[in-house]
Every structure is written in structure tokens, then in C-alpha cells.
Amino acid sequence: MGYPDIIIDAIDRRKVLELRYKDVARRVRPHILGYVGTGELALSGWQISGTGAGWRLFHVDDISELAETDQRFHGTARGYNRNDPAFSRIIGRI
């Protein structure tokens with residue numbers, strides 16, 4: 001299973017992801033997977049650990065060690081915009 005499939009599954013099942021991004025271990029509640037204006041595949045999610053909490057945009061090509069955890073989350077994080085203008089095409093979202 002490739003990273004996009006893992007991310008979509010986590011979005012659909014509301015599962016927290018563990019990943020490494022820019023050599024930092026992070027835990028993220030995934031909300032949107034799609035293509036940003038530069039044409040890169042990206043994940044928008046609420047980071048709950050790593051470099052602080054809050055909204056982050058992760059370019060999928062820069063993610064390593066991606067895994068879905070058993071931890072579930074409910075609803076969306078505050079400030080969620082299901083039509084985030086950073087994305088030119090959305091593949092999956094809450």
C-alpha cells in the first residue's frame with residue numbers, strides 16, 4: 001500500500017498518522033489529501049505532536065516512515081476548511 005492509500009484510509013477511518021517529515025517525528029490528524037498549486041501531492045492535517053500543534057501542509061514526497069495508528073479522532077480540528085484554497089484538486093477529505 002502506497003502513502004496516498006494509507007493517508008486516504010486514515011482520513012476515511014479518522015485514524016491518527018505517525019510520520020517523519022523533515023527528519024522530525026510527528027503525529028497528525030489527516031484532513032485533506034490533494035494536489036497543491038505547484039502540482040505536488042500534499043496532506044493537510046492537524047499536527048498533534050512534533051514541532052507543536054496546529055495546521056500543517058506536508059508534501060507527500062517529503063514524508064517518510066508513514067504509518068496509521070490505532071488512535072482515532074472525531075470531527076474536524078478548529079479552523080478546518082474543506083475547500084482549502086491551497087489545493088487545486090482534492091483526492092480525499094473529511
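Sorting D5, D70, D84 by accessible area puts them as D70, D5, D84; the probe is 1.4 Å, largest comes first, and only protein heavy atoms count.
Candidates I48, L66, P4 compared by Cα position along the dipole of the chain: farthest toward the positive end lies I48, with charges placed on Cβ. Per the Debye formula on identical point scatterers at the alpha carbon atoms of the chain, with no solvent, log10 I(q)/I(0) at q = 0.11, 0.13, 0.24 Å⁻¹ is -0.25, -0.36, -1.37.
From a point 7 Å beyond the Cα of A25 in the direction of its Cβ, which residues of the stretch 51-78 have a backbone N at a distance under 16 Å? Backbone N within reach: 51-52, 64-71. Within the listed set I48, I11, I32, the residue fluctuating most in the Gaussian network model of the chain (springs between alpha-carbon atoms under 10 angstrom) is I48. In the full protein context, the chain carries 54 Å² of accessible surface per residue, based on a 1.4 Å probe and ignoring ligands, DNA and RNA.
With both labels modelled 7 Å from their Cα along Cα-to-Cβ, the T38 to N83 distance reads 2.6 nm. Computed from the alpha carbon positions, the gyration tensor of the stretch 43-94 leads to an equivalent ellipsoid with semi-axes of 18, 15, 12 Å, biggest first.
Run the dipole for the stretch 22-94 about the Cα centre, Lys and Arg Cβ at +1, Asp and Glu Cβ at -1, nothing else charged, and hand back the magnitude in debye, nearest 20.
Numbers: 10 positive and 8 negative charges, 81 e Å.
Charge dipole, the stretch 22-94, about its Cα centre: 400 debye, nearest 20.
Taking all protein chains together and a 1.4 Å probe, the residues S64, S44 rank S64, S44 from largest to smallest accessible area.
Could you work out [θ]222 nm for the chain from helices alone, using -39500 (n - 2.57) per DSSP H run of at least four and dividing by all its residues? Round to the nearest 500 deg cm²/dmol. Walk me through the numbers before you get to the answer.
Values: 1 runs with 11 residues, N = 94.
So the helix-based figure for the chain works out to -3500 deg cm²/dmol.
The values are calculated or read from the model by the stated rules, or taken from the named source; none is laboratory data. Owing to the predicted nature of the structure, the values given are computational and were not obtained by experimental measurement. Methodologically, a virtual Cβ is constructed for each residue, glycine included, from the backbone with ideal geometry; neighbour enumeration extends over all protein chains shown. Please note that ligands, DNA and RNA were not included when accessible areas were found on the heavy atoms of the full protein model with its side chains. Shrake-Rupley method; radii C 1.70, N 1.55, O 1.52, S 1.80 Å.
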